[in-house]
Amino acid sequence: MTAAEMAVSRRREQFAGTVTLTRLLLRRDRWRILLWIVGLGLASVATGSSFAGLYVTEVERATIAATMESPAMVAMSGVNHGAADYHIGAMLAHQMLWFTLVLTALMAVFLAVRSTRLEEATGRAELVRAAVVGRHAPLAAAMLAVAIASTAIAACTAVTLGASGFDGIDWPGSWLYGATHVMAGIVFGGIAILTAQITEHPRGAVGLGIAAVGAAYVVRAVGDMTATGLSWLSPIGWAQATRVYVDNRWWPMLIGVAAAGAAVAVAAVLASRRDVGAGLRRPRPGPASAGRSLRTPLGVAFRLHRAASIGWIAGLALLGMIYGSVLGETETMIESIDALGEFLETSGGVDVTVAFASMITAVMAIIASIAVVLAVLRIRHEESAGRAEPLLATAVSRVRWFGGHLLVATALGAVAVAGAALSLGVVGAVSIGDDGLVGDAARAAGAYIPAVWVTMGVAAVLVGWAPRFAHAAWVVVVAAFVDVYLGGLLQLPEWTAWLSPFGLVPQIPLEPFSAATGVTMVAVAIVLAAVGVVGFVRRDLQSTT
């Protein structure tokens, strides 16, 4: 065998077992991936359908295109490359593409970290590598799984859009629209695989990956506002530079492919320089003894949720500020649309800007419920990882341990909703010159916090009584988003409001505040939490998923 043949053989050995591992990862996460595919694949065509119903005439489309030229809207959605002919395709690429790109990037981060760092943290990676598996096979399999999932999302999106027949949407543009999601997936998947080499904790790797997604969005926003070319440093900027449904430029995709390859190559080098299960960043030595706050179940729960809670609270507050800054242009944008004019006539004389702020508050409350559900599901994660059993073998009672997590989730929901609503109210009041918006935002926060707590209670019941089906709590969140955010556009029947607690909350200030509704929801949340605690006390611990 020649030297060249030996080199090729060694390279093949380093990737031995890649196909088998890829199939294993896809089989394990097939239901999660399927939900992402269906959700993102249908989101764009559903939005395009709503655009087609809202913006019927060319005058309406030209008006909304002019409104989107403001600096705040450019920062949010990007440069409008199709302003000259703002058909449904150009509108979708401008207002919706960035959103689905961000969601695809998050999917890639979660899947990549779950396929690499989480496997090492649970000890499964070491067992797998004891078999006939090459050194780089786990990384290659994780990247292939991300690429396949992203490609499936792209295919579903492209086919549904291409077959929609909306104005300005054709098949070449639809394939490019879908391909941008592949680029976003592999770029941020590669970044997540890279962050998985740095820290030894899955949460840390996910946090760094999400931070990279946020940084890409901010860099793109600043670059588009200042027109300095900074957007070319962002993968989201590369995708928007394709000018889908306008010019259909494919060449910016090459930048993303090169960036993804570079990220994976660096990750492979770093992976070969560390031990399995360890990270390149050495963990800081802890104190010799625990502080008072860590000597109680509530203190331990607070420490476990602290970093994630700060991130959610800060992120929602920032989101409220962003929406508040564009409230000044909302009236011009909405009043130009005949379909929404009918809504204004039935809003009881409330200013359209205030009505729009009410809807945004509801959406931010639903986002806060995501953080709360994640906090409750952390109980299940601690149990399945085997960390709950040693604690509960001591004098710590199950009620105090389970209840400590629920108390932290309760506080997180309240602070996140209040912070988001108040930041929206304060910044929005400055934007429109109406101080009354602050009070409206405060009352809206008070109305939505009990709904968030009810969602927490549902998750607590599932974790307490049916831990294997704990992720079914996401059904409540999805139902709330569909009913509150898309219900009007999809013209859903009124009974769908009962599918989630958010549908029963009065839309302040469009509707008067209902103390009875709030008190009832608080009582329901307390009962659900208590039922969840009882279930956890009565059942056996399950240390495997």
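Listed values, structure above:
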read-out: Restricting the range 238-313 to chymotrypsin sites (Phe, Trp or Tyr not before Pro) in coil, as DSSP defines it, with at most 14 other Cβ within 10 Å; value: Trp250
read-out: Approximate spin-label separation Val19-Val475, in nm, with each point projected 7 Å along Cα-to-Cβ; value: 3.9 nm
read-out: Extension gain from Leu407 to Val534, taking 0.36 nm per residue of separation minus the Cα-Cα distance; value: 44.2 nm
read-out: Where labels lie 7 Å past Cα in the beta-carbon direction, separation of Arg284 and Trp31 in nm; value: 3.9 nm
read-out: Residues of the range 405-429 with amide N under 14 Å of a point placed 7 Å along Cα→Cβ from Asp435; value: 426, 429
read-out: Å² per residue, accessible surface of the chain at 1.4 Å; value: 46 Å²
read-out: Length released on extending from Arg12 to Arg295, taking residue separation times 0.36 nm less the Cα-Cα span; value: 96.7 nm
read-out: Leu391-Ala66 FRET efficiency (beta carbon distance; Förster radius 41 Å; 0.05 resolution); value: 0.10
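The values are calculated or read from the model by the stated rules, or taken from the named source; none is laboratory data. Please read these numbers as outputs of a predicted model, since none were measured by experiment. Reconstructed Cβ throughout: ideal geometry from the backbone, glycine too, with neighbour counts over all protein chains shown. Each accessible area value is taken on the protein alone, full model and side chains, heavy atoms only, with ligands, DNA and RNA left out. Shrake-Rupley method; radii C 1.70, N 1.55, O 1.52, S 1.80 Å.
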